[in-house]
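Asks: Got a structure for you, questions after.
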Amino acid sequence: MADRKTTTRGFKRTSSLLQDRIKRASASRGFEQSRLLTQWPEIAGAAIAAIARPVSVSYARGGFGATLTVLTTGPQAPMLEMQKEKLREKVNSVYGYNAISRILITQTAATGFAEGQATFEHRKKTDEPASVTPEVTAKAADLAAPVGDTELRLALAALGANVLSKHKS
């Protein structure tokens, strides 16, 4: 009986199928260690990861002394500036040697893996319910009264009540 050769090796993890593509994409941005992108919160720490993200790594001509470009928002830049040396040590621990010699902080919407995103966390919703008073509901119903369609009139009245009850900031 002849041994049968299979063309597939069974099921494969998605990460193993995409690993080469991820390496190529991250290497094009200078990230030879894709861990720097995928595990940024663990590497930089939760406090730094909440205010910044890596954009690119550019290498000097000799290959050593790379510059890590980090994106942050304007108010967070001074805080990140004070933590640059600590961040550089953490990033170099990923590489295993002093690969990063400089950290450049940018506050612009630099191109990178986070195109155009300026915020790093979602705002938390306040638990404060909207206060719709009977006066506001009556005013909204009066404004929507000329509309002939009942469903549309009720929807417009509800919308009007929500708009009129919002706090002015």
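The values are calculated or read from the model by the stated rules, or taken from the named source; none is laboratory data. No experiment lies behind these values; they were computed from the predicted model shown. Positions of Cβ are backbone-derived with ideal geometry, glycine not excepted, and every protein chain shown enters the neighbour counts.
Asks: Please list, ordered by first then second residue, the pairs with beta carbon atoms under 7 Å, 6 or more apart or interchain, first in the stretch 83-101 and in the same structural domain as residue 51 (by TED's automatic domain parsing), second of a type in the set (D, E, K, R).
Replies: The qualifying pairs are 94/35; 100/88.
Asks: Filter the stretch 87-98 for residues that are surrounded by 12 or more Cβ atoms within 10 Å (Cβ to Cβ) and within 18 Å of residue 42 (Cβ to Cβ) and give the result.
Replies: Keep residues of the stretch 87-98 that are surrounded by 12 or more Cβ atoms within 10 Å (Cβ to Cβ), which gives 87-88, 90-92, 94-95, 98.
If the condition is that a residue be surrounded by 12 or more Cβ atoms within 10 Å (Cβ to Cβ) and within 18 Å of residue 42 (Cβ to Cβ), then 87, 88, 90, 91, 92, 94, 95 are the ones that fit.
Asks: I'm told residue 4 meets every condition in (1) at pLDDT below 65; (2) in contact with a helix residue (DSSP H, G or I) (Cβ under 6 Å, 6 or more places away or on another chain) except one. Can you identify the failing condition by its number?
Replies: (2)
Asks: So which residues in the stretch 136-169 are assigned to a helix (DSSP H, G or I) and surrounded by fewer than 10 Cβ atoms within 10 Å (Cβ to Cβ)?
Replies: Result: 150, 151.
Asks: Would you mind telling me which numbered condition in (1) at pLDDT below 85; (2) outside any strand (DSSP E or B) residue 57 fails?
Replies: Among (1) at pLDDT below 85; (2) outside any strand (DSSP E or B), residue 57 violates only (2).
Asks: Filtering the stretch 60-89 down to residues that are in a strand (DSSP E or B) and not β-branched (Val, Ile, Thr), which residue is farthest from residue 107 (Cα to Cα)?
Replies: Restricting to residues being in a strand (DSSP E or B) and not β-branched (Val, Ile, Thr), the top hit is 66.
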